[in-house]
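Below is one structure, written out as structure tokens, with a few remarks after it.
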Amino acid sequence: MDIQDLQRDNIKQLKPYSTARAEFKGNAEIFLDANENPYGSPLPQAHNRYPDPIQAALKERIAQIKGIPPKHIFIGNGSDEAIDLIIRAFCEPKQDNIIIMTPTYGMYEVSAQLNNVEIKRVSLTPDFQLDLNNIAETINSNTKVVFICSPNNPTGNSIKKLDIETLLNNFQGLVVVDEAYINYSKQYSIINELTEYPNLVVLQTFSKAWGLAGLRIGMAFGSLPLIEILNKVKPPYNLSEVTQKLAVEALDNLPLINSWIKETVAERELLKDNLIKLDFVVNVYPSDANFLLVKFNDANAVYNYLLENGIIVRNRSSIEMCENTLRISIGTPQENEKLIACLTRYNVA
Ligand SMILES: *Cc1c(COP(=O)(O)O)cnc(C)c1O
């Protein structure tokens, strides 16, 4: 399978923007090449120079932690940027299509719509797994990308790896596996199978377990041609200097992150046990993520009640297969206790 051939014709022709810093080689003392302000910044710290367009230091640290060479890593301004660039680079507007597995994360659809790319929806099975027959029937010669979210948002479950592999083996386009919640999952990342599948793209993010949603950093892992294409289409300075620096610092705190993950998973199971005891809770779905999808007999009423009590959760009731559900993020132990205390009062009232 040739990933180069899969990209849009105009992207094949695209000569990427060449940054001032990328053009010069060697050492210089005086930088008069990028029209920057030479005096500094009106801040305690200077940010007057453009950041590293290829984020070399950050990729080096990620490579060490993930065991994936830097050349196989793309870094975006959030995974949302990677999602958009994948669609933009590979899907011809008004001609190609993507397949999403509903119910799932909303950005695949938004990015496709923005790029005027058709969206084909295949429902997950009742236990929220891939419907491989239906997917096979839906794929046509214009299908360029299939998005799989595992663990899936908003259902919380992991998608069976064997099913993803079946798709990877049989589909002649990109299979994007969005692993935003992988740190909370019992199932291993599919990242170790990158060498086997040139059409596999794995998305991960600093927004969830790493606690850096406000910095906007997402990662895409894939084959060399794929990463080269994403680098070619990305805005040259898509990650700020501050973001790159803080992310490198954050990566030194792996033990702290691991302890948060452990606590979140334990809290998730505790919250699940406590929720299921409430008689107006119909179901708490199995979760491999840092949230629970909970079915109520009247989700809208519970949503409004929680809101009146200063607790905000995500109402997913309007989504097909998620009728009467709320998606509840796992908070700190105290926050989770307050949630349960509040819901217990609802039970009485
Ligand atoms: C939260 C989330 C992301 C993260 O997006 P960023 O742009 O990296 O913040 C990606 N995919 C899914 C499914 C998510 O739920």
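For this structure, a couple of remarks:
- Residues of type aspartates and glutamates that residue 160 reaches as a straight line, Cα spacing below 20 Å, ignoring anything fewer than 8 places off in the same chain: 127, 131, 137, 178, 179, 193, 196, 288
- Rounded to two decimals, the Cα-based Rg/Rh of the stretch 1-157, with Kirkwood Rh, is 1.08.
- Cα-based shape type of the chain, given that a ≥ b ≥ c are square roots of the gyration tensor eigenvalues and the cut on a/c is 1.5: oblate
- Debye log10 I(q)/I(0) for the stretch 68-118, one point scatterer per Cα, at q = 0.26 Å⁻¹: -0.99
- The angle between the Cα long axis of helix 56-66 and the main principal axis of the chain comes to about 40°, on a 0 to 90 degree scale.
- Here residue 258 and residue 232 are evaluated by their C-beta separation; at R0 = 41 Å the FRET efficiency comes out at 0.70.
- DSSP bridge orientation in the chain - percent antiparallel, rounded to nearest 5: 50 percent
- Each residue of the stretch 174-184 is assigned a 3J(HN,Hα), and the resulting list reads 7, 10, 9, 9, 8, 9, 3, 10, 4, 5, 9 Hz, derived from the Karplus form 6.51 cos²θ - 1.76 cosθ + 1.60 (θ = phi - 60°), x at Gly and Pro.
- Under 5 Å, built H, 5+ apart or other chain: amide partners of residue 331: 336
- Annotation: amide H of residue 216 has no partner in the under-5 Å range at sequence separation 5 or more or interchain, hydrogens built in the peptide plane.
- Considering only 119, 129, 190, and ranking their Cα positions along the charge dipole of the stretch 60-192 that arises from unit charges at the beta-carbon of Lys, Arg, Asp and Glu, the one farthest toward the positive end is 190.
- Residue-wise HN-Hα coupling along the stretch 72-86, computed from phi with Karplus coefficients 6.51, -1.76, 1.60 (Hz; x: Gly, Pro): 9, 10, 10, 10, x, 6, x, 5, 4, 5, 5, 4, 5, 5, 4
- Principal-axis tilt of helix 254-276 within the chain, Cα atoms, nearest 10 degrees: 30 degrees
- Remark: the stretch 174-235 carries 33 Å² of accessible area per residue (probe radius 1.4 Å; ligands, DNA and RNA excluded).
- Model label sites at residue 245 and residue 1, defined 7 Å from Cα along the beta-carbon direction, differ in position by 4.1 nm.
- Remark: the chain carries a charge dipole of roughly 280 debye about the Cα centre, counting +1 on each Lys and Arg Cβ and -1 on each Asp and Glu Cβ.
- Eligible lysines near residue 262 by straight Cα distance, threshold 16 Å, same-chain separation 8 or greater: 186, 208, 272
- Averaging Cα coordinates gives a centre for the stretch 47-62 and one for the stretch 251-296; these two points are 35 Å apart.
- For the stretch 1-103, the per residue solvent-accessible surface stands at 59 Å², with DNA, RNA and ligands left out and a 1.4 Å probe.
- Using a probe of 1.4 Å on the protein chains alone, the accessible area found for residue 288 is around 10 Å².
- Lysines whose Cα lies under 23 Å from that of residue 277, excluding same-chain neighbours fewer than 8 positions away: 295, 338
- Cleavage-rule hits (GluC sites (Glu not before Pro)) in the stretch 3-98: DSSP loop, at most 10 neighbouring Cβ within 10 angstrom: 29
- Between residue 129 and residue 166, the contour length at 0.36 nm per residue exceeds the Cα-Cα span by 12.0 nm.
- List 31, 147, ordered by accessible area with a 1.4 Å probe, largest first: 31, 147
- Residue ranking by accessible heavy-atom surface, 1.4 Å probe, largest first, among 15, 277, 161 comes out as 15, 277, 161.
- For residue 157, residues with placed amide H under 5 Å, excluding near neighbours: 152, 288
- Stretch gain in nm, segment residue 270-residue 318, where the contour uses 0.36 nm per residue and the Cα spacing is subtracted: 14.6 nm
- Whole-Hz ³J(HN,Hα) from phi, Karplus 6.51 cos²θ - 1.76 cosθ + 1.60, for the stretch 219-227, glycine and proline x: 10, 10, 10, x, 5, 4, x, 5, 5
- Percent carbon-and-sulfur accessible area, the chain, ignoring ligands, DNA and RNA, probe 1.4 Å: 51 percent
- Over all other residues within a Cβ to Cβ distance under 9 Å of residue 203, the charged ones net out to -2, with Lys and Arg as +1 and Asp and Glu as -1.
- Taken about its Cα centre, the stretch 233-289 carries a charge dipole of about 160 debye when Lys and Arg each add +1 at the Cβ and Asp and Glu each add -1 at the Cβ.
The values are calculated or read from the model by the stated rules, or taken from the named source; none is laboratory data. These figures come from a predicted structure and were not determined experimentally. In this analysis, Cβ positions are derived from the backbone assuming ideal geometry, glycine residues included, and neighbour counts consider all displayed protein chains. Side chains are part of the model used for accessible areas, which takes the heavy atoms of the whole protein and leaves out ligands, DNA and RNA. Shrake-Rupley method; radii C 1.70, N 1.55, O 1.52, S 1.80 Å.
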